[in-house]
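S.K.: Input: one structure, supplied below.
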Amino acid sequence: MSSIAAAPPRRVLADLVARPSSRARAFAVDAALVLSGVVVVALLAKVSFFIGPVPITGQTLGVIVVGAALGARRGAAALTTYMLVGLAGLPVFAGPVAGPAYVLLPSFGFILGFIPAAYVAGWFAERAWDRKPWLAFVGFVAASVIPFLIGVPYMAVILSTVMGQQITFASVMAAGVLPFIVPGLIKAAFAALLVPGAWLIVRAVDSRKS
């Protein structure tokens with residue numbers, strides 16, 4: 001693991017697609033990439049269905065792809081912006097509810113967890129794990145776990161203190177973990193095919209230009 005941590009960051013997909021020629025233009029490009037990431041996650045958030053207090057959505061897929069495509073720093077910035085835009089009232093979250101009151105919903109902890117998840121997906125991408133499907137899958141599964149580390153305890157607190165429900169370890173697992181394992185693996189696998197596939201396309205285009 002120490003050798004992985006010591007590996008210098010490499011270019012990610014966004015660095016190849018957008019190649020600014022000046023520092024001012026680089027800032028504008030980064031801002032545009034971050035906003036594009038917000039749009040991608042917001043659109044995938046609307047692909048959802050509720051099976052309990054927390055919906056199954058396309059958000060995690062968006063988080064992984066955005067993080068991997070933009071890199072750790074820009075990926076985390078995109079998901080931070082996504083959270084702030086939703087809390088400001090724009091309907092970017094799953095379901096119709098947005099605004100400051102969203103922090104009192106059981107699913108808000110997962111929104112918080114998306115920020116470090118995007119960072120981790122980008123961190124793996126910066127070490128070229130996103131260029132081979134099997135490595136990408138491992139990295140994306142690791143990133144997919146992070147929202148649960150924050151979201152599940154947050155959900156338990158909201159269900160207990162705000163909604164007044166009696167909770168147990170089993171009920172929390174049934175509501176916030178078990179239904180999401182298989183969909184999470186499927187989304188990680190899809191991203192592990194999508195992102196390396198995008199690398200193949202970008203490289204093919206570059207080779208034709210050269």
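The values are calculated or read from the model by the stated rules, or taken from the named source; none is laboratory data. Because the structure is predicted, anything quoted here is derived from the model rather than measured. Note that each Cβ is placed from the backbone with ideal geometry, even for glycine, and that neighbours are counted across all protein chains shown.
S.K.: Being among the hydrophobic types (A, V, I, L, M, F, W, C), surrounded by fewer than 23 Cβ atoms within 10 Å (Cβ to Cβ), closer than 19 Å to residue 41 by Cα and out of contact with any Phe, Trp or Tyr (no Cβ under 8 Å at 6 or more places or on another chain) is the requirement here; does residue 97 meet it?
M.R.: yes
S.K.: Determine which member of the set 67, 37, 71 is at pLDDT 95 or above, buried (at least 23 other Cβ atoms within 10 Å of the Cβ), in contact with a helix residue (DSSP H, G or I) (Cβ under 7 Å, 6 or more places away or on another chain) and at positive phi.
M.R.: Numbers: 67 fails: at positive phi; 37 fails: at positive phi.
Sole residue among the options that is at pLDDT 95 or above, buried (at least 23 other Cβ atoms within 10 Å of the Cβ), in contact with a helix residue (DSSP H, G or I) (Cβ under 7 Å, 6 or more places away or on another chain) and at positive phi: 71.
S.K.: Assess whether residue 153 counts as being closer than 15 Å to residue 58 by Cα, surrounded by fewer than 19 Cβ atoms within 10 Å (Cβ to Cβ), out of contact with any Ser or Thr (no Cβ under 6 Å at 6 or more places or on another chain) and in contact (Cβ under 8 Å) with a residue 12 or more places away in the chain. Talk me through it step by step, then tell me what you get.
M.R.: Details: closer than 15 Å to residue 58 by Cα: no; surrounded by fewer than 19 Cβ atoms within 10 Å (Cβ to Cβ): yes; out of contact with any Ser or Thr (no Cβ under 6 Å at 6 or more places or on another chain): yes; in contact (Cβ under 8 Å) with a residue 12 or more places away in the chain: yes.
In short, no.
S.K.: Confirm whether residue 196 is surrounded by 17 or more Cβ atoms within 10 Å (Cβ to Cβ) and closer than 18 Å to residue 14 by Cα.
M.R.: On the way: surrounded by 17 or more Cβ atoms within 10 Å (Cβ to Cβ): yes; closer than 18 Å to residue 14 by Cα: yes.
It is true that residue 196 is surrounded by 17 or more Cβ atoms within 10 Å (Cβ to Cβ) and closer than 18 Å to residue 14 by Cα.
S.K.: Within the range 160-172, does at least one residue satisfy the condition of being in contact (Cβ under 8 Å) with a residue 40 or more places away in the chain and over 30 Å from residue 69 (Cα atoms)?
M.R.: Yes, the range 160-172 contains at least one residue that is in contact (Cβ under 8 Å) with a residue 40 or more places away in the chain and over 30 Å from residue 69 (Cα atoms).
S.K.: Condition check: within 13 Å of the chain's Cα centre (by Cα) and not hydroxyl-bearing (Ser, Thr, Tyr). Does residue 70 satisfy that?
M.R.: Criteria met by residue 70.
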